[in-house]
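A quick write-up on the structure given underneath.
The values are calculated or read from the model by the stated rules, or taken from the named source; none is laboratory data. In this text, all values refer to a predicted model and were calculated from it rather than measured experimentally. Cβ: placed from backbone, ideal geometry, glycine included. Neighbour counts: every protein chain shown. SASA here: full protein model, heavy atoms, side chains in, ligands and nucleic acids out. Shrake-Rupley method; radii C 1.70, N 1.55, O 1.52, S 1.80 Å.
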There are 2 protein chains.
Amino acid sequence: MSGADEQAGRRRGRRGGGGAEARRGARLGGAMESYRFITRKLKPYEVLSDEGVELIEHNADLILEEIGIEFRDDPEALEMWRDAGADIDGVRVRFPKGLCRELIKTAPAQFTQHARNPERSVEIGGDHTVFAPVYGPPFVRDLDGVRRYATIEDFRNFVKLAYMAPAMHHSGGTVCEPVDVPVNKRHLDMVYSHIRYSDKPFMGSVTHPERAADSIAMAKLVFGDDFVDNNCVLINLINANSPMVFDETMLGALKTYARAGQATVISPFILAGAMAPVTAAGVLTQTLAEAMAGMAFAQLCRPGAPVVFGSFASSISMQSGAPTFGTPEPALVLYGAAHLARRLGVPFRSGGGLCGSKAPDAQAAYETLSTLNPTMMAGVNFVLHAAGWLEGGLVSSYEKFVMDCDQLAMLQRFSQGYDLSENGQALDAMREVGPGSHYLGCAHTQANFQTAFYRSPLADNNSYEQWLAEGEKRIEQRANELVRKWLADFQAPPLDQGIDEALGAFIRQKKDSMPDAFT
Amino acid sequence: MSGADEQAGRRRGRRGGGGAEARRGARLGGAMESYRFITRKLKPYEVLSDEGVELIEHNADLILEEIGIEFRDDPEALEMWRDAGADIDGVRVRFPKGLCRELIKTAPAQFTQHARNPERSVEIGGDHTVFAPVYGPPFVRDLDGVRRYATIEDFRNFVKLAYMAPAMHHSGGTVCEPVDVPVNKRHLDMVYSHIRYSDKPFMGSVTHPERAADSIAMAKLVFGDDFVDNNCVLINLINANSPMVFDETMLGALKTYARAGQATVISPFILAGAMAPVTAAGVLTQTLAEAMAGMAFAQLCRPGAPVVFGSFASSISMQSGAPTFGTPEPALVLYGAAHLARRLGVPFRSGGGLCGSKAPDAQAAYETLSTLNPTMMAGVNFVLHAAGWLEGGLVSSYEKFVMDCDQLAMLQRFSQGYDLSENGQALDAMREVGPGSHYLGCAHTQANFQTAFYRSPLADNNSYEQWLAEGEKRIEQRANELVRKWLADFQAPPLDQGIDEALGAFIRQKKDSMPDAFT
């Protein structure tokens, strides 16, 4: 830890008493032992051949050159593109071959997003994977099984659960929409909740450039002005309006964050068949074109600003038009897009625990793992919606949140591959036990049993008779109990009182400066 | 189709009226349009490096040479091993370096298992994947949600469901244990059910050498003596008694099938921590040693007899000793064992939809896909337990059977990778639609929408309001309805009356020849 870092660490006030004692206190009182972000020991899986990805890249370049991308209601953006050598026709920007790719070269291949607790800072890019919670649902399915609009209380609860969950590396952003708070003020309460109830890294508001600026201002109260100017402390979700449009709101947030050196995740949001062609190759081509235009624009705003190639792709029911999840076609897109991002040399965001089910039932679980497993195998770097997503993203589910977190922990363990040490090889165990005996009491088993296998806090592996005696509980009932326990046990990580007061004053001042708005 | 094949086809009597008309009739009356066995277009994923697999191979050779494998209660087997150059010490067989590997060279890398309907014959090995139902449960969870002992009626029902399910390529073996039929006679009813209610390939009995012989005799009544002598029509599950033992029963069945040129799946059955060390590398090493000894023995019985390298590995709860499923450690073993089998040049069996849950809930689905997804990604050739497995294999579940089959169909589709044809690239669609519009009505979407996306018969993607209006059904309720519909719609594929009568006479004669036994 450099002197500057250390200063920043103190500034962040994460350890009131300072030193080992406070650290121990934070562990006992706060989150369970957390896993660090993942450094994968397994190589990513690729579904496309070299010729395949080259074809997609060629086609995406054609789209950028021939069709172009619209940058709407933002004359400044058009001016910037004109200066960069693009062809401007109304709001349509056409890109000479290679321009976007050239601009993207200034983006870092990997960057650190700092948390106020440096032990919780994450690396985004390379061989790393970071899990973040569900983002965006206006509804929750609450602990009484009621589906209703989300509140700021729910928001705080999901922040607390993400803080408690060992394999959740990130506090996320809009873990649910607190619709009981005015739309023009809720970002203040959301950002504050991430700071107050967690010490994991978090996301900023993107719904208005001013709200993005507020997010940065609040981060500066925590991390210090200089630190924020020179380091990434916020990662922010910028959706393209597919097909082939960026709108005023998203461009405003993008410019604000990129100019402040904060990370933007440029994510074409695609329901295939509606916002892109129905074929996987078509979705992939358009995604690449849109993401390249957005990431290149971020580099125009500030060369070197961290960007993430994002992809959200699902298919739709061609009968009803409803989005569908966990199907094979989006999984193919996911693998392909991760591959393209690696070739571009930028971090990649996609995947998550997506599902269309209305309840945390087997449909939800099948669909979730049909996305989560490819997420890990494809080597995604930043995983939004990693836990808690239900009903096509309309609902944040408490129970599914902890159920998904259990799966994340297993994927993290899987990503570490084989232990091929002498202990891992276990030749002595086989020599000791020999044919026809068992390993339950042998020395190797005794020495390793506590850490040998992942232990799920939710899976029931007892006998049928015992399960019956305990009330035939399904996993969602056990998850309900675990959520209640975590929320009851929650203790906020320490936060410097001065910082907390400064945040409070900032929020009061901002809230008092404008009337409530609910649309 | 060669003349000989055609003759065999007729002999099998699969088309009463013969020709296209009967084929059409079979389609309309019988199964839905079935998928053929999978020919994967994606390469298998490997978690171990070359050095890693070489280390495991080296260690397995050490086990075979130093510790050896016991062939119990079978003096003939010991004599065969002595003649082959192994070192015999009591029932312990130690193998000079390279002996097993050398013997296995006569085993085919890939073989056809013939079905009585040649369109349903499957290729086992190479780039192919074949899905087969759950094997072995003594209980069922029935359509009224009752967990009870399985009956022959249940057995027939699962055969019927496997026949109906498009992505189920195989009729399997002991889809459940019909415990209402005497233990010494039930194999006759089981084999008959596979022949009568399906035309997909199936498995023979392994619980006694005589029952294996009966399975072969019944197959000969269907396929003809010569055809069975020269082709594989039965695939049969031979479990090792891990650690490092083959017992009399399994060796008896192994010898019977191998000498008849029928396929044996040599499967160490390992709950890690009990039958093998607690580490993935240890499980893998012991699995390789045991499987090599068994496959080499099959080649001693009849050089060229088809064998399959099998691996069943789960971990256990080190607290209760209960087996656990869907955890990361067995998934690692699965990838490693598939890799070793490819290097040995033999087909590989593992994976399936394993879970420990007592109900078809989210736990069941998470755990199932945590095994099924690696099954496909690792390139498993023969997948037992691909559908219907519940409660650690104690229960065959009707609802889970069709839920799993839905997942199998998705994996089959996924395995075909990208369509990079001009239509797949969809450049014209992007040119037609352009920025800010949508693809719902464009020419490319119109031309492709019917086949663009996998359509699940079970997933509910309707709005919350519609789901509510339809009774808030969870997927298992929809699955229950689908099972009832399939069983109501079932029509058996045609079977030559002469063959049916010959089978009936054989079964009557066998049943009359001995008293009932229930243990």
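For chain B, the mean residue ellipticity at 222 nm estimated from helices alone is -14000 deg cm²/dmol, where every DSSP H run of n ≥ 4 contributes -39500 (n - 2.57) and the total is divided by all residues, rounded to the nearest 500. Cross-link reach is defined here as a Cα-Cα straight distance under 19 Å, omitting same-chain residues fewer than 8 places apart; for residue A:43 the lysines meeting it are B:43.
Rounded to the nearest whole Hz, the Karplus-based 3J(HN,Hα) values (6.51 cos²θ - 1.76 cosθ + 1.60, θ = phi - 60°) of segment A:132-149 follow the sequence 10, x, 3, 10, x, x, x, 10, 10, 9, 7, 6, 9, x, 8, 8, 8, 4, with x at glycine and proline.
Tell me the relative contact order for chain A as a rounded percent, counting alpha carbon contacts under 8 Å between residues six or more apart.
Details: 1068 pairs, mean separation 101.6, N = 519.
Normalised by residue count, the contact order of chain A is 20 percent.
With 29 Å as the limit on Cα-Cα distance, the pairs of A:400/B:485; A:358/B:485; B:185/B:220; B:200/B:255; A:485/B:358 that go past it are A:400/B:485. Out of all DSSP beta bridges with both ends in segment B:120-270, state the antiparallel percent to the nearest 5. Antiparallel bridges: around 25 percent, rounded to the nearest 5.
Taking every residue in A:241-249, how many Cβ atoms of other protein chains lie within 10 Å of its Cβ, on average? List each step's numbers first, then the result.
Details: counts 2, 4, 9, 6, 4, 1, 1, 0, 0.
The per-residue average across the peptide is 3.
Between identical copies, the spacing of residue A:118 label points, each set 7 Å from Cα toward the C-beta atom, reads 7.4 nm from nearest to farthest. Put simply, the amide H of residue B:147, placed in the peptide plane, has neighbours under 5 Å in B:142, leaving out anything fewer than 5 places away on its chain.
Across the copies of the chain, residue B:470 has label points (7 Å from Cα along Cα→Cβ) spaced 3.3 nm apart, shortest distance listed first. Heavy atoms of chains B and A lose about 9700 Å² of accessible surface on contact, summed over both sides with a 1.4 Å probe.
Of all stretches in chain A that contain no GluC sites (Glu not before Pro) in a DSSP loop with at most 16 other Cβ atoms within 10 Å, the longest one is A:34-469. Sparsely packed loop sites in segment A:127-192 (the trypsin sites (Lys or Arg not before Pro) outside DSSP H, G, I, E and B with at most 13 other Cβ atoms within 10 Å) do not occur.
Take the alpha carbon gyration tensor of segment A:38-133, find the square roots of its eigenvalues, order them as a ≥ b ≥ c, and report rounded if a/c is under 1.5; if not, report prolate when a/b exceeds b/c, else oblate. Oblate shape, in that a/c is at least 1.5 and b/c is the bigger or equal ratio. Projecting label points 7 angstrom from Cα along Cα→Cβ for residue A:470 and residue B:143 puts them 3.2 nm apart.
Using a 10 Å cut-off around each Cβ of peptide A:324-337, what is the average number of partner chain Cβ atoms that fall inside?
On the way: counts 6, 2, 6, 9, 11, 7, 1, 5, 7, 1, 0, 4, 2, 0.
Whole-number average of other-chain Cβ neighbours for A:324-337 is 4.
Inter-label distance, residue A:127 to residue B:230: 5.5 nm, where each label sits 7 Å from its Cα along the C-beta direction. A straight Cα-to-Cα reach below 23 Å connects residue A:97 with the lysines A:105, residues fewer than 8 places away in its own chain not being considered.
Is there a simple number for the mean count of other chain Cβ atoms within 10 Å of the Cβ of residues in A:221-232, and what is it? List each step's numbers first, then the result.
On the way: counts 0, 0, 0, 0, 0, 0, 0, 0, 0, 0, 0, 0.
Counting other chains' Cβ atoms within 10 Å and averaging over A:221-232 gives 0.
Residues of segment B:171-201 with an amide N closer than 11 Å to a point placed 7 Å from the Cα of residue B:512 along the Cα-to-Cβ direction: none.
Each copy carries residue A:138; placing its label point 7 Å along the C-beta direction from Cα gives inter-copy distances of 5.5 nm, listed from smallest up.
Taken per residue, the accessible surface of the protein assembly as shown reaches 34 Å², heavy atoms only and a 1.4 Å probe. When we measure straight from the Cα of residue B:473, which aspartates and glutamates land under 15 angstrom away, once same-chain ones fewer than 8 places off are left out? Straight-line reach from residue B:473, under 15 Å: A:361, A:391, B:361, B:399, B:460, B:465, B:481. Of the whole protein surface, residue B:513 contributes about 70 Å² of accessible area at a 1.4 Å probe radius. Inter-label distance, residue A:485 to residue A:248: 5.2 nm, where each label sits 7 Å from its Cα along the C-beta direction. With θ taken as phi - 60° and the Karplus curve 6.51 cos²θ - 1.76 cosθ + 1.60 applied, the whole-hertz 3J(HN,Hα) list for segment B:428-434 is 5, 4, 5, 5, 5, 7, x Hz, x standing for glycine and proline.
For a modelled paramagnetic label at residue A:449, 7 Å from Cα along Cα-to-Cβ, the residues of segment B:307-335 in reach, with backbone nitrogen under 12 Å, are B:316-322.
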